[in-house]
1. What FRET efficiency, computed as 1/(1 + (r/R0)^6) with R0 = 25 Å and r the Cβ-Cβ distance, is obtained for Val107 and Val193, rounded to the nearest 0.05?
2. For Tyr212 and Glu42, calculate 0.36 nm times their separation in residues minus their Cα-Cα distance, and state this gained length in nm to one decimal.
3. Would you mind checking the range 121-157 for residues with the amide N under 18 Å from a putative spin-label position 7 Å along Cα→C-beta of Ala63?
Amino acid sequence: MANPNQDVLRQDTVRKEGGSLSKEKRSNNIDLRGKVELPLSEAFRIGVEQIRRRLGRSILMIAAVTLSTAFMVYFLVSSLIFENYGRQAGVTVETYQLWLVVISFLVGMIGLTNSTLMAVYERYREIGTMKFLGALDQHILKLFMIESTIIGLAGGIFGFIGGCMAAAAAVSIQVGVNAVLTVPLLSFLSYMVSSVGLAVALSIVATMYPAYKAARLRPVEALAYEL
């Protein structure tokens, strides 16, 4: 006849072993998820490829960043040139001009957000396929952030060049080319770094919500979506 105490001990042992196995299984799953990685170089390559595949929309997004940056650089560089040339009265950056710069950046951010949202909708199936193949939310976020950084860099550089050329041309017409030559090269470089950095920040901020929306997509819903 079986001992009831032995049966209880046997059940406790099985329960403990089952619990330890489930814990081990969960830890193995966590380890496997941690091994799914997307190297930065590969993410950069994919980002560049996505920009090339959607070149028309990418050009529009770069143009939005370029215009916003060029508008700001025009006022700031014009003020810098006149300040160094000794003609500050009536030519420095005024409050309403600064507000125009802020408004231009807000408009550019709205345009970028809208364009990125449309890009997310167009890539629903692609994002769903990537998630089925093992891509994590952080990988989707990384891809969109890299794309926005590339667009911000391109727009910032083009915008700085365009704004400087417009400011130099406007000042040269008013007081002559010599006024432009009075500005130290280091001042131009500092303006370039700040302008490009601000353009990249604008592009990243405008992409945050669409990127989060793309990262949170469920694979089944993404694959079933029709644009």
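No value in this document is a laboratory result; all are computed from the given coordinates. Quick caveat: nothing in here was measured; it's all calculated off a predicted structure. Note: ideal-geometry Cβ built from the backbone for every residue, glycine included; neighbour counts use all protein chains shown.
1. Working: r = 24 Å, r/R0 = 0.95.
So the FRET efficiency works out to roughly 0.55.
2. Values: separation 170, 0.36 × 170 = 61.20 nm, distance 2.03 nm.
Using 0.36 nm per residue and subtracting the Cα-Cα distance, I get 59.2 nm.
3. Only 151-157 pass the distance filter.
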